[in-house]
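Here is the structure we will look at, set down as structure tokens.
The values are calculated or read from the model by the stated rules, or taken from the named source; none is laboratory data. All figures in this text were calculated on a predicted structure; none of them were measured in a lab. Cβ placement follows ideal geometry from the backbone for every residue including glycine, while neighbour counts extend to all protein chains displayed.
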Amino acid sequence: MKLQLLAAMALATPLFFTSSVRAENPQDLQKLLSTGECIRCDLVGANLSGAHLIGADLRDAKLQGANLVGANLEGADLTGANLAGANLTSAYVTNVNLKQTNLNGVNFTRATIHDSNVYKASMNDLNLTDADIFNTGIGIGGEDAQIPDWD
């Protein structure tokens, strides 16, 4: 009985400590949504699902783990941004500047990615399931994959 109790406690203990460590900065989120500009903003874990971020200036923004499901990022500038672990399922990523962006672990399932600049972007462990990619240097490859020089 004691062994079962200890096992149950060992399994349940992490559940008590799995609250969100950090959420986005509310002022930065409001700034982005009202002005379309948020350079170097803290939007870690932000819920931007379905957001219309057409032409948004998000250079050097922190967007790790952000929810961008169904977001429209057409023409946005995300140069130097950190999108590690972000969810861009069904997002519209056309004419987006992703130069030097951290895209590690990004979920691009069913995303439309056309004519976007990914020069020197970090792209490890991407999920490209059913993504529509055109004229963008993203693909299945590895160390020998070629990324076009857009400069």
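If you check 73, 98 for being among the aliphatic types (A, V, I, L, M) and touching a Ser or Thr at 6+ places or on another chain (Cβ under 6 Å), only one passes: 98. Residue 69 - would you say it is under 20 Å from residue 45 (Cβ atoms), crowded, with 20+ Cβ neighbours inside 10 Å, modelled with pLDDT of 95 or more and in contact with a strand residue (DSSP E or B) (Cβ under 9 Å, 6 or more places away or on another chain)? Taking the combined requirement at face value, the residue satisfies it. Here segment 82-95 is the region considered, the condition is being buried (at least 24 other Cβ atoms within 10 Å of the Cβ) and more than 9 Å from the chain's Cα centre (by Cα), and the residue that is farthest from residue 110 (Cα to Cα) is 93. For segment 100-118, the set of residues classified as part of a strand (DSSP E or B) and more than 14 Å from residue 66 (Cβ to Cβ) consists of 112, 113, 114, 117, listed by residue number.
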